[in-house]
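Scroll down for the structure; my scribbles are underneath it.
The values are calculated or read from the model by the stated rules, or taken from the named source; none is laboratory data. Values in this document were obtained by computation on a predicted structure and should not be read as measured data. Backbone-built Cβ (ideal geometry, glycine too); neighbour counts: all protein chains shown. The protein model used for the area step is the full one, side chains on, heavy atoms only, and it has no ligands, DNA or RNA in it. Shrake-Rupley method; radii C 1.70, N 1.55, O 1.52, S 1.80 Å.
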Amino acid sequence: MRIRKNVHFHIYISYFFTGLILIFAIAMGTVQFSRMSQIILAQANSSYALIGNEVASNVKDIYEPVKNQTEVLAQSHPITGKDLNERLTHVNYLAKAITSVKSATSVYVGFASGEFFLLRQYAKSNGGQDVFKAPTKTTWIVQSTSMDAGKMVEHLVYLDDRLNEISRQQIPLRNYDPRQRGWYETAMKNASQANVSEPYYFFTTGQIGVTYAQKIVDADAIVGIDIEMPTIHETIRNSNVTPSTRIALIDSKGQLLAWQNGKQPAYKPQIVTKLDGTQGMPTLAEQNAPVLNKIRELDSSAGNGSQTLDAIDKTWATYQGKIQIPGGHDLRILIASPHEELLADVIRMRKQTSLLFLVMLIIGIAVTIYFSRLASNPLKQLNDEASKIARFDFKSPINIQSRIKEIADLSNSMRGMKATIRSFLDIASSLASETNYDKLLARVLKEMSEITEAKSGILYLYQPQDKAMQVVQAYADHQVLDTNAHSISMADETHPVILACKSRSSICQLQAADLTRYFSTLPATDHTTTLIAIPLKDRSGTLVGAIALVIDDADIDPGRQAMAEAVSGAAAVAIENQRLIQEQKALLEAFIQLIASAIDAKSPYTGGHCQRVPVLTKLLAQAACKETEGPFADFQLTETEWEELHIAAWLHDCGKVTTPEYIVDKATKLETLYDRIHEIRMRFEVLKRDAQIDYWQAVAKDDTGNDAAELKKKLDDTITQLDSDFAFVAECNEGGEFMAPDKIARIQDIAGRHWHRTLSDRIGISHDEKERKNRTTEPNLPVQEQLLSDKPEHIFTRSPRDTITPDNPWGFKVKVPEHLYNRGEVYNLTVARGTLSEEERYKINEHMIQTIMMLEKLPFPRHLARVPEIAGGHHEKMDGTGYPKRLMAADMSIPARMMAIADIFEALTAADRPYKKGKTLSEAIKIMSFMKKDQHIDGELFSLFLKSGAYLEYGKKFMNPEQIDEFDIHAYV
C-alpha cells in the first residue's frame, strides 16, 4: 500500500493563495470594467431619455396652457367697450388669464379698426423694467390705443395688485398697427383655432418670444398671449449630464430656440437678419456645433432614440427626440456627451484597479510565502508547549484531520490544552462571580487545593499597616478549619511563605517538625511532605496574599503547579476586588453612621433617634420575612435588599443637617438664637421707670400736696397693670396653652402701648439685619415705638432656591409659606398652639424634602436605587395626607411603610428627650392604634409589629424599665 506523503504547511499555503490572488485579479479586472462601462452608458441613455421627457414636458407646460387660455378668451369676448375707460372695466378677466398661466407675460386684443388693448404683468416681463418707468406698487400695466374724439390716442395705465389705477399717462402715438403684425394676419386666415407664431421681437419690450393668437368668435378682433423665449431656454439650463454635454432645442426649420454648449456661457436668443433680408431666429446649422448638427442630420422619423457616433475626434453618446407643440410645428431636442467624460470614472478606476491588483499580487505572493513559512515554525513550537500542558486526564479530545504535517502534529497537543483552558476559565469565572467575601476566601483555598491535589492548605492576606501576612482561611481533608487569626511578619525571612512572597512560587520539602512550627493551624503529620507556596499578586504586581499548599507526595506534577500559579493571578484579582468592595462598604457604613450620629448629637431634642430607628425597622422586616401565611407570606429580602434597607434607615433623617438648631430646640415662641422675651421685659422695665419719673415730676409740681394720694394711686395702678401685662406676655411666650381669641386680642391691646427709643437701632448690627431694616426709612430720634410690634425687618424673604414649585421634579406636594421666616413679636406670640410659627413648622418638616433631594443626588448603584424612596417615605400617611409627596399606601414600598412605624414608635417612647417624658408601651401603642384607625400607618404592618413582639424586643433594649408596662395586645390586633 502506497503511503501518502504530507505537504509542508508553508509550501501548501503559498501555492494556494498565489493562484487564488492571480485568478481573482484577472477575473475582477475584466468583469468590473465591462460591467461598469455598460452600466454607465445605460445610465447615460436613461438620463438622456429623462432629460428629453422632462424638457418635452416643460415645453408643453409652457405652450399648452397658453394655447388653451387663448381659445377660452377667443370664445368669451374678453374686452368690450368703445374707449379705454369702458375696456378697463374688463381688465380683471384678462388678469386672471395671465395669472392662471405661468409662462404668459401679457394678453391683448387687436381690433379691426387698428385699436389695441394690452395687459402686461409687470414682474413677468423681462424687459419691462427698462422700458416702463412705472411708479412704485405697480403690478399691472395697460397699453391702449383707442379712438378719442375721432383720432387715435395711446395711453399707459399703471395698476396695483388689486387692479386699482395708480396713474395714467398719454404717450405719443407710436407707429404700431396690430393689423400689420404676423400673429394678427395668421389668426385672421385661420380663425377656427389658436395659432402660434414664429419667434420675433416684441414691439414694446424688445424681448424675443412667440404669440398664440385666435380670432374672437362673432367679433372682428384677435386675442393674443405672449411667451418670452428666456422662459423656454430655462427648460434646458440645468440638464447637463457631463461638463461637455451639448443640448439644443430647435424647431421644424432648424431654428435655434435654446442651446447649452458645454461649459460655454448660456445662449441668448436673438433675431438675426438673413442673407435674403428676412429676419428670424438663427439656425443650428449656422452655429459652431458639429456634434449637434450631425445628430440633426440623422434620420429622425423613427422618433425618440439614442445612438453612438464619432465627431471632432471623439466618440459621443447622443439622443434626439420630438416635442409636439399644440397649434404649431413639432420641436426637436438634441443631446450629446463625450464617452471619455461618461466613462472617465470607469477608465480611471480600471487603471487604478489594475495597478492596485498588480501591486497586491506582488505583495500578496511575497507576504504569503513569508507568513506561511513563519507560521510553520511557531506551530511546531506550540505543539511542544501544548504537550507540556496536556498531562491531565481529558474527556473531550480534539481530532483534526489535515494533510498538513504541522497541524496534524498540533492536534495531538491541543487535546489537552482545550481541557486545561476550560478548567482555568471555569475556576476564574467561579471566583469572579462570588460576591461574598468570606465564601470567596474559602473557595479560593478549596480550588487551589483541588488543582494541586493538596491534602491541606492555608490562605494568607497581606496587611500593609502591620507589614504582616495574616491567616484568614485554613483547609484540611476537604473541610474549612477554625483559625486563631495569627500572622507572620514580613521580616521573618526563615518562613517559606515569606520567602515565596519575595520572589515567586516555591516548592520545598517539609519535615514533620517544620510543618508544626510554620503551620500550626494544620493537622500534624509524622512524615515528610511537600509545600507549594504561591504568592497572590494583582494585575499591577502588588502583593495581595499567599497560599501554602501541603502535599503528601514527594513529586509535584509541573502541570498542576503551573495551573495553580495561573489560577493564583485570577484569585488575587478576585480577592482584591472583593476586599476593596468590603473596605468601601465599611467606609460608606462608617460615613453613614457618622452623619446619623452628628444629626443626633446636633440637638438633645433628637437624642439617638437616627441610631434606634434602623434597629426597629430591621426587627419589623425580620418579622415580615418569617411570616409563612397572611399578607406577608411572600415577603422576603435578598442580601442586597437588606443592605438597601439598612442604608435607608440610617439616612432617613439626613436632611436634618439643614434644619437650624434653634428651630429644632425652640422652647418658647420668641426664641431664636436667644429668647427675645428679655427685650420685651426691658421695654416693660422702661415703661415702669417712665411711670415713676412721671409720678415724681407730678409730685414736684404739686406745691400744696393735695394730689399726692391720687398720683400715688395712679402710679401703683400703672405698675400693677404693667406687671400683669408682662406676666401674660411671658405666659403666652411659653406656648403651653391654646391661644383663644380673647388672649390674642389682649396681646394686640398690649402691643398698642408705646415707649420711647432715643438710640439708633441700625448701628452695631450685622449686614443682613441692616439690609432688612433699610427696607424702611430710619425715623428721626427720639422715636415712639409700640411695646410689641411686627416690623418689616422681622420678615425674612424666601429666595427662589427655597421655593418648591408645583411642577418640581421630585413630586413634592407641600404648601410653601410666603416668607422664609417671620419673627414679628405679635405674630409669634399669637401662634395658636405650641411655639412654632407656620414658617418654622415648615422648616422642620422640610427635612424630609432635603433628605430626598440629598439622597437622589447621590450616585447609588443599581441595587441601592430605592434608598431615597424608602428613606423619604416615613412621614407619608396611608390615606395620602402625609408629606412631602402625599403618597397613598399603594404608592409606597413595604420597607418605606415599615420605617414610618419605626419612626413614630421611637419618637413616642424615646426617654432621652429633654422636653418630654418617654411614653410607656401601652401609651405608645394606644396612640398608634388611633393612627392606624385614621389610616396614618399601615394596619397590617402594625398588627405584625404587635404579634411578632418586635415592640417588646426593642423596648427591652432601648426603653427604661418603668416604661415597659403590660397591656392587652388583642385589643389592637
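Couple of notes before you dig in:
- Relative contact order for region 99-224, counting Cα pairs under 8 Å that sit 6 or more residues apart, in percent: 22 percent
- Length available on full extension from residue 731 to residue 80: 0.36 nm per residue minus the Cα-Cα distance, which gives 223.7 nm.
- Listed by chain and number, the aspartates and glutamates whose C-alpha is less than 14 Å from the C-alpha of residue 773, apart from same-chain residues fewer than 8 away, are 761, 790, 793.
- Counted residue by residue at 0.36 nm each, then reduced by the alpha carbon distance between them, the extension gain from residue 957 to residue 176 reaches 269.0 nm.
- Inter-label distance, residue 657 to residue 524: 5.7 nm, where each label sits 7 Å from its Cα along the C-beta direction.
- For region 676-802, the solvent-accessible area of protein heavy atoms averages 65 Å² per residue (probe radius 1.4 Å; ligands and nucleic acids excluded).
- Applying both filters, DSSP loop and at most 12 other Cβ atoms within 10 Å, to the GluC sites (Glu not before Pro) of region 668-762 gives 737.
- Loop-located GluC sites (Glu not before Pro) in region 769-876 whose Cβ has at most 14 other Cβ within 10 Å (DSSP): 818
- Cβ-Cβ FRET estimate between residue 776 and residue 701, R0 fixed at 56 Å, reported to 0.05: 0.90
- Nitroxide proxy distance, nm - points 7 Å out along Cα→Cβ at residue 673 and residue 912: 2.8 nm
- Region 621-738 gives an Rg/Rh value of 1.51, both radii derived from C-alpha positions and Rh following Kirkwood.
- Simple label model, 7 Å out from Cα along Cβ direction - residue 188 to residue 479, nm: 13.5 nm
- Portion, in percent, of the accessible area of region 434-580 that falls on carbon or sulfur, probe 1.4 Å: 47 percent
- When 161, 538 are compared by accessible area at a 1.4 angstrom probe, the order from most to least is 161, 538.
- Taking every C-alpha pair closer than 8 Å and separated by at least 6 residues, the mean separation divided by the residue count of region 637-790 gives a relative contact order of 22 percent.
- Fraction of accessible area attributable to carbon and sulfur, region 697-851 (%, probe 1.4 Å): 51 percent
- Charge context of residue 937, other residues only, Cβ under 14 angstrom, K/R +1, D/E -1: -2
- On the beta carbon distance between residue 252 and residue 355, with R0 = 45 Å, the FRET formula returns roughly 0.30.
- With a Förster radius of 41 Å applied to the beta-carbon distance between residue 940 and residue 801, the computed FRET efficiency rounds to 0.50.
- In range of the label at residue 513: residues from region 487-501 whose backbone nitrogen is under 20 Å from the point 7 Å along Cα→Cβ: 493-497
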